[in-house]
Every structure is written in C-alpha cells, then in structure tokens.
Amino acid sequence: MSELNKSMGLGTRSRHLASSKARIRTSSLKIQRLRENALAYTFLAPSLILFAVFMFYPMLKSVYLSLHSTDPAGNVAAYVGLDNFAVLFSSGQFLQGIKVTLLFALLTVPAGILLALVLAALTHSKLRGMRIFQFAFSLPMVLSVGSSAVIWKFLFHPTLGMFNYVLSLLHINPVPWLTSPDWALLSVAIMTIWMNLGFNYIILSSGLQGIPDDMYESAKMDGAGPLITFWRISMPLLSPTIFFVTVVSIIGAFQSFAQINILTKGGPVNSTNVFVYSIYQEAFVNFRFGTGSAQAIVLFVVILLLTMIQFKWVERKVHYQ
C-alpha cells in the first residue's frame, strides 16, 4: 500500500512538473512574442507617426470641416451637416469641374501610356545607340512639375514661343495655346503627357526587359513576325505593368494641380478648372474651408471608386506569370 502511495505521489509530482514546464515554456513564448512585436512597432513608429500627422489627421480634419461652415480665418462657425455637399452638387461650376477633369484624364492617360509603350517597344533592342534614346526618353522624370510647366509656358507663348515660331515658318496662323478655351486644356494635356512620359517609359521598359528572351526566340522559330510577337507575347506578359501604369496615371490625372496653376490658373473661362484646382480656389482663395473640404472628400471617393472598379473588372484582363 505504501509503495502504491509512493508511485501515485511520484506520478502527481511528474504531472505537476510537466505542467509547470509547459507554463514556463508558454510564458517564455509570450514574452518572446511581445519582444518581437515591440521591436517591430519600434521600427514602424516613425512611419506610423508620419502617416498619422500628414495623412490620417488631415483626412479626419477634412471630414470634420466638410460638415461645418467656417469663417475666413478657418475657424469653425456652425454645424451644417451635409449642406456643403448639397451646395456642391447643385453648383454648375463644380459639375463643370468634374467634366473638365474627366476630359483631362481621357486626353492624358491613354495617349501617355500608348506613347510610352511605343517608345519602350522601339528601344527594346540591343542595337548600338539605344542607350542614348533610353536616356532621352527618361529625361522628363528628372524635372519637377514646376520647372516643366515654366519651360512649356515659354514654348506656348503667343508671340515669343517656339511653337508659334515654327508655325509662322510654315505660313500657319499662330495658335492661342493657353489663351483660348478651345486650346487651353489640350495644351495642358500635351505638357502633362510629356511630363509623365519618363515615368511611364521607365516602368514599361522595365516590364519588357523582364520578359524572357527564350519566348521571343521560340516565337521567331515558329515563324511569328515582330507585330504578332509583340501582340501575342509581349502584351499579355506586360499586362500587369500596363495595369499598374494605368491606375497610377488615372490617380495622377485626377490630382493634377501644379501645371494648371502655373500655365492657366484654371482659365480661360474655367476651361482648365480641374478638380484639385477648384479645391484650391475654394479653400485658399475664397477661404471657404467647409465647401473646400467637401470637394476634397468627393475627390477621395471618386478616386477610390475608380481604383476599385479597375481592380474589380480591368484586372481580370491581366495575365500574371
């Protein structure tokens, strides 16, 4: 009987010892996990602080201001609810700004991507001298928006500009590039296409370089010509890159401001008064921060919806390797 009690006692002690070891192991794993999480958040803290200060706080502040009316100093005067949004959608100028922005995106995004794609395809070879063309086509990316806009403003000058000078040599009447409502938006679109050419070209050229050469060699052995090879091989494999460039270009078109401000200031006759420039005028020229913030919220929703639509339907056409 005593031997049985001893064996039962030893068994109980071993179970207690095993359970205590398991608790110690679990607590040590928890401590290790907490240390790893603390280290991770320590490294993430600078980025999180920057995001909180320069992104999340302004976004929440814009939502707050969009529901209030403000005085010229930017101080909240009264709660108005959704009245600012009602005023916007009943304003003809705001609706005109939406139309101008959509037309601007239609003018710049397809043409910019197509031009960059053609140039990337033409320079995607190992011929001597291609490096010079690749450098030249990438050069617009080096210049800032302000510098590019100032250069093109001189080119578009009605009397001293290079474009009208070339037209005069061809005995063609000068074009009012930036002073006519019929030409102003097209002129800004041409400048924007050139300005975005460097980025689009670099991204698309990198995508072409990522396609294996043996696929081209196999197509060549099967008798496929350059056009069929590009359409049947390059385009499907390049579709993720084209999709990325399309999304970024559309977002950039809806956020265009600097070139509009320098070249036309929204004119003439509001023909280039795009979304972001309208927000700038409403908030920082007319000092109506409530309606300006409401426009910013609408812009955010529009860009979000367009991006979601692209990822929902357009991405189905993308062929991932």
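The values are calculated or read from the model by the stated rules, or taken from the named source; none is laboratory data. Computed from a predicted structure; not experimentally measured. We place every Cβ from the backbone using ideal geometry, glycine too, and count neighbours over all the protein chains shown. Each accessible area value is taken on the protein alone, full model and side chains, heavy atoms only, with ligands, DNA and RNA left out. Shrake-Rupley method; radii C 1.70, N 1.55, O 1.52, S 1.80 Å.
What to note about this one:
- J(HN,Hα) series, segment 87-103, from Karplus relation 6.51 cos²θ - 1.76 cosθ + 1.60, nearest Hz, glycine and proline x: 5, 4, 6, 9, 8, x, 5, 5, 5, 5, x, 5, 5, 5, 5, 5, 5
- Between Val118 and Phe244, the modelled labels are 2.5 nm apart [label points 7 Å from Cα along Cα→Cβ].
- Cβ crowding within 10 Å averaged over residues, with 215-224, 103-112, 29-38 ranked highest first: 103-112, 215-224, 29-38
- Averaging Cα coordinates gives a centre for segment 272-321 and one for segment 165-215; these two points are 23 Å apart.
- Note, ³J(HN,Hα) from phi for segment 307-315, Karplus 6.51, -1.76, 1.60, rounded to Hz, x at Gly and Pro: 5, 5, 5, 5, 6, 7, 10, 5, 5
- Taking amide H as placed 1.01 Å from N in the peptide plane, the amide H of Thr272 sits under 5 Å from that of Gly267, each at least 5 places away or on another chain.
- Under-5 Å amide H pairs with Leu178, H placed in peptide plane, nonlocal only: none
- Computed on the chain, with alpha-carbon pairs under 8 angstrom and 6+ residues apart, the relative contact order is 25 percent.
- Solvent-accessible area per residue for the chain (1.4 angstrom probe, square angstrom): 64
- Here the chain exposes an accessible surface that is 70 percent carbon and sulfur, computed with a 1.4 Å probe and the other protein chains kept in place.
- Whole-Hz couplings from phi, Karplus 6.51/-1.76/1.60, listed for segment 194-204; x for Gly and Pro: 5, 5, 8, 4, x, 5, 4, 5, 4, 5, 5
- For Thr70, the amide hydrogen comes within under 5 Å of the amide hydrogens of Ala77, Phe289, Gly290, counting only partners 5 or more places away or on other chains and with H modelled in the peptide plane.
- Which labelled figure in (1) 28, 48, 13, 7, 4, 0; (2) 22, 41, 23, 9, 4, 1, 0; (3) 24, 45, 23, 6, 2, 0 is P(r) over Cα pairs in 20 Å bins from 0, in percent, once derived from the coordinates: (2)
- Mean Cβ neighbour count within 10 Å, used as a protection proxy, ranking 199-212, 140-153, 121-134 highest first: 199-212, 140-153, 121-134
- The chain: Lys pairs at Cα distance under 26 angstrom, eight or more positions apart or on different chains: 8
- In terms of the mean number of neighbouring beta-carbon atoms within 10 Å, the peptides 62-69, 307-314, 254-261, 41-48 order highest first as 254-261, 62-69, 307-314, 41-48.
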